[in-house]
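Contents: one structure, followed by commentary.
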Amino acid sequence: MIRNNSRSVFRPAGLAGRLRRGIAAPAARGLILVPAFAAILVAAPACLGLRAQTGIPFNQRDDTYPLLGLKRAKEAFEFAKAELERQQAIYGKGLISFQELERSKNAFADAEVNYQQSLLAVLFERQFVSVVNAVKYQAPDGNKHVRITLANTSGGGADFRKLIEMDDELFRKLQPDVINDVYVSLLNDENAIISRPYEAKVEQLLYGDPAELDFALLQDLDALTVDIVYGNGSRRSPKIFLQKDSSVNMATIYSEQFSQEVELGGSATYDLHLELFSSATNTFKLEVVNLPPQITRYFNDPASDARLSQLRFTERTNSMNAALRIYLPDRPTGEVAVGEPISFFVIAVPQDRMDSIEGLDSGRWTVEQIEALNVGFAKLEIVPMGNGRLLVKAPQLYHSIGKGGVVQMDIDVVNDGTKRLDNVEFEIDAPPGWLKATDPSMIRSLDIRQESRIRITLTPPGDVSSGRYEFRIKTSSLSGDLPVRGEEKTVTVEIKAGTNVWGTLLLVFLIVGAISAIVVFGIRLSRQ
C-alpha cells in the first residue's frame, strides 16, 4: 500500500501470485470490490489465504505476465469444474465415496478463487485514463477556461475476450470497461491547484464514452499538469501543452493597467498581452476605437521600442506583448475635459478582414457593436487630470526712496496650469517695523490662463535708517485639494540718507569765495 494525498494507490501487479503463495491480503489491501465479487469472498473466506489445490504448480512468471497467469488460472478452473461434474456423475452411480466427492469440490473452490483473484489483478492493472484533448478558450466574461476530455483506454474488454476467449458471467459483473471515481485537478509547476473547481469528479468513465470537464483557470498558463487519480488509487500526472480554441478565429487582448489618470500634456502606456485563438490567420492589425483625435496614440514593441501596426504569430509563439502609448494635449478641449473619463477600445482585426470593417475612426462604438465584429478587444480608460500652476510676474524688484517715502509696486499673477486655482494668497516677509499691504488681499479664483494684478504697498517706520532692505513675497493657492506655490520673489528697497541744506550753502559760499580770492590775487600779481 502506497499513500499519496490521503488516497490508497493499489499496485495490482503480482496480486494473483502473492495470494496463491499464501500471502494474506484482507479485503485485497483496500481493494474496492464490486458487489458480485464481494459476495463471492464472503461465501468462501477460508480460501483467501490458501495455496491453490488444482494440481498446477505456481509459475513465478505469472507475476510478471499477469495476463498469461490469468489464462493459466482459467484453464485450471475449467479443468476443476469438469472434474467436479465427472465426480458428481460417478458419485451418483455409487462408484466413489463421499470423501472423494468432497475433495473434488474443494479443488474446484480453490481453482475458482485463484481464477477470480487473477482476473481482478489483470483488470485493475490494465485500467488507464488518457487525456484526449485539453483546449484553452476565453469565456464571454473574459476569463480563461480549459476543456479537458478524458477517455477510458483500458485494455480489459475486447482484448481479454480475444486472448483468452473469456465471456463468462463473472467477467461481465466486474465491468472491466468501467473506471470508477476519477478525480481531476489542474496544477502549475509548483504543484499548486490553479483551477476552479479545485477538483472535479467523474463517477464512471466508460470505455468508448469520453467525459468532458470544464475548468476556469486561476492562473493563465499555456502548459500545465493534469493530475488524475482513479480506480483504487492509480495516479497519472501528465504535463501537457494546452491547445487553443481555433474555432473563434481571433487574438484576445488583455491589459492590467486598463484605467489610468494622466495630467494634461503628459503620456500614458498600456501594456497589452495578446493570445492567439485562430487556425485561419496569424496576422492581426491593431486599432484604437473611440479615442478623440486630439489624443495622439501609437503601438510599439516593449522590447525594441519599435512602432507597430501589425502583429504576426508564429507556429511556436501563440502569445505576444505590445504597448499602447498615448499623449494628451496641453490644454483641455471639448472632448478632453479635466476629470472626465474617456473610454476606448483596442481591437485586433484579422488581416483578411480589414477591408470588410469600416468606420473605425468615426463615430462612437458600443460594446455590443465591438462584440458583433467577432474580434479580440480590450476596453481601456484614461482620465485627463489638470493641475494649476502659479506664474508670478514683477516688472520691478528694486526701489529707492528717501526717508518718509513709500514703495508701491504691482505684481501680476497668472494661472499657467491646466486647472482652476482657488484662494490665491500673498505672504510678505518684511523687516521689523515696516508696514505692508496688498490690494486685493486674496484672489478667490483664477481660471486657466487668467491673469490678475495686485498692488503691494511697503511703508518704512519713521526712524528708519538709510540702507538697503529686502522683502520676500510668497504666493500660494489650491488646485483641487492640492496646494500650489508660486515662484518666490525678492524685492530690494534702498533708503537714501537725508541732506543738510545750510551746510551745503555755506560750503558753496566758501568755495566761491576761495575761487574769487584766487582770481583777484592772480590779477594783482599780473599787474606787478
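Of note:
- Near pairs, Cβ below 8 angstrom, 6+ apart or cross-chain, from segment 215-241 (in contact (Cβ under 8 Å) with a residue 60 or more places away in the chain) to any residue that is in a loop (DSSP other than H, G, I, E, B) and among the hydroxyl-bearing types (S, T, Y): V226/S237; I228/S237
- There is at least one residue in segment 212-223 that is under 19 Å from I193 (Cα atoms), of a type in the set (G, A, S) and at pLDDT 85 or above.
- Taking the listed residues E83, E125, the one that is modelled with pLDDT of 85 or more and surrounded by 16 or more Cβ atoms within 10 Å (Cβ to Cβ) is E83, with no other qualifying.
- When G417 is tested against (1) crowded, with 19+ Cβ neighbours inside 10 Å; (2) modelled with pLDDT of 85 or more, only condition (2) is not met.
- Tally of residues being among the small types (G, A, S) and either within 15 Å of R485 (Cα to Cα) or part of a strand (DSSP E or B) (or both) across segment 391-446: 5
- Test for V346: is it within 26 Å of the chain's Cα centre (by Cα), buried (at least 18 other Cβ atoms within 10 Å of the Cβ) and outside the structural domain of L478 (by TED's automatic domain parsing): yes
- In segment 307-325, the condition of being at pLDDT 90 or above, within 23 Å of T418 (Cβ to Cβ) and either surrounded by 13 or more Cβ atoms within 10 Å (Cβ to Cβ) or outside the structural domain of L373 (by TED's automatic domain parsing) (or both) is met by at least one residue.
- Segment 364-375, residues that are surrounded by fewer than 10 Cβ atoms within 10 Å (Cβ to Cβ) and under 26 Å from T296 (Cβ atoms): R364
- Considering segment 193-210, the residues that are crowded, with 19+ Cβ neighbours inside 10 Å and closer than 12 Å to Y183 by Cα include one that is modelled with the lowest pLDDT, namely L205.
- Residue list for segment 283-317, filter: closer than 16 Å to A378 by Cβ and assigned to a strand (DSSP E or B): F284, K285, L286, E287, V288, V289, R297, F299, L308, L311
- Residue among A394, A372 that alone is at pLDDT below 90 and within 30 Å of Q450 (Cβ to Cβ): A394
The values are calculated or read from the model by the stated rules, or taken from the named source; none is laboratory data. Here the structure is a predicted model, which is why all the values come from computation and not from measurement. In this analysis, Cβ positions are derived from the backbone assuming ideal geometry, glycine residues included, and neighbour counts consider all displayed protein chains.
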